[in-house]
Amino acid sequence: LPIYDILVLDIDMPEISGIDIAKHVRKINANVTIVFVTNMDNLVFESIKYSPFRFVRKTKMNVEMPELLNSLRKKYSEESKYLTFNLDGEMKEVKLTDIVYFESVKHEIYIHMQDKSEYKISDSLNNLLEKYETIGFIRVHKSYIVNFRYIFEFQKNYVILDDHTKIPISKNRITEIKKEYIDFTRKEIQWCQ
């Protein structure tokens, strides 16, 4: 499968739906930006689990497509932000949107990346949360901060990520965590009016 940054998919196609394509693509690439084009409002909620960036209505393409392009420019400008840290005496930069989660283990922080690489840094979860909570990082447990973009679902005791990783969730904060997730999702999925 070729690598694309952006996929514009019609939800309603004759042989395979845009939702089916998105489901397949998300198994391979969690970062591709998906835009759904549709007039079928009843399928919009089904498509949300594949983290679309935006929906464009077929009847409003002339107005909504330019808005989409402006939003994509803004998104890619924001995604160019990096976390810089010292790794074996050299400075290393990683894209914040490629970080799946931070994990605290015995006063050290492990950065778990989308490509399955892992880095160990000296920092605190409190400090990282203070820096990055406004761009989509949620503290789900005393030892974990998760990038909301990689959350697939919530279970009773866990957050399940796109790659099926289970992260423990603080039971006493589950309502607050879900609210933060919904707020970030609403900001990310921009509805065209």
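The values are calculated or read from the model by the stated rules, or taken from the named source; none is laboratory data. Quick caveat, the model's predicted, so the values are computed rather than measured. Reconstructed Cβ throughout: ideal geometry from the backbone, glycine too, with neighbour counts over all protein chains shown. Side chains included, ligands, DNA and RNA excluded: accessible areas come from the protein's heavy atoms. Shrake-Rupley method; radii C 1.70, N 1.55, O 1.52, S 1.80 Å.
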Shape of region 82-141 from its Cα gyration tensor (a ≥ b ≥ c, root eigenvalues): rounded if a/c is under 1.5, otherwise prolate when a/b > b/c, or oblate? rounded
Could you give the accessible area per residue of region 57-134, probe 1.4 Å, as a whole number in Å²? 65 Å²
With every protein chain in place, the chain: carbon and sulfur % of accessible area (1.4 Å): 50 percent
Can you compute the charge dipole magnitude of the chain about its Cα centre, using +1 on each Lys and Arg Cβ and -1 on each Asp and Glu Cβ, nothing else charged? Give it in debye, rounded to the nearest 20. 520 debye
Calculated from backbone phi, Karplus (6.51, -1.76, 1.60) coupling profile of region 171-184 in Hz, x at Gly/Pro: 4, 6, 10, 4, 5, 5, 5, 5, 5, 4, 4, 4, 4, 5
Apply the Karplus curve 6.51 cos²θ - 1.76 cosθ + 1.60, θ = phi - 60°, to the phi angles in region 127-141 and return the couplings in whole Hz, x for Gly and Pro. 5, 5, 5, 4, 6, 10, 5, 6, 10, x, 9, 10, 7, 9, 7
Relative intensity, log₁₀ I(q)/I(0), of the chain from a Debye sum that treats every alpha carbon as a point, q = 0.08, 0.14 Å⁻¹: -0.29, -0.85
Quick one: compute a quarter of the convex hull surface over the Cα atoms of region 103-193 and quote it in nm². 6.7 nm²
Keeping every protein chain in place, order Arg173, Arg57 by accessible area at 1.4 Å, biggest value first, i.e. largest first. Arg57, Arg173
Give the Rg (one decimal place) followed by the Dmax (whole number) of region 1-70, computed from C-alpha coordinates and expressed in Å. 11.7, 32
Alpha-carbon spread of region 55-160, three principal axes, descending order, Å: 55, 40, 25
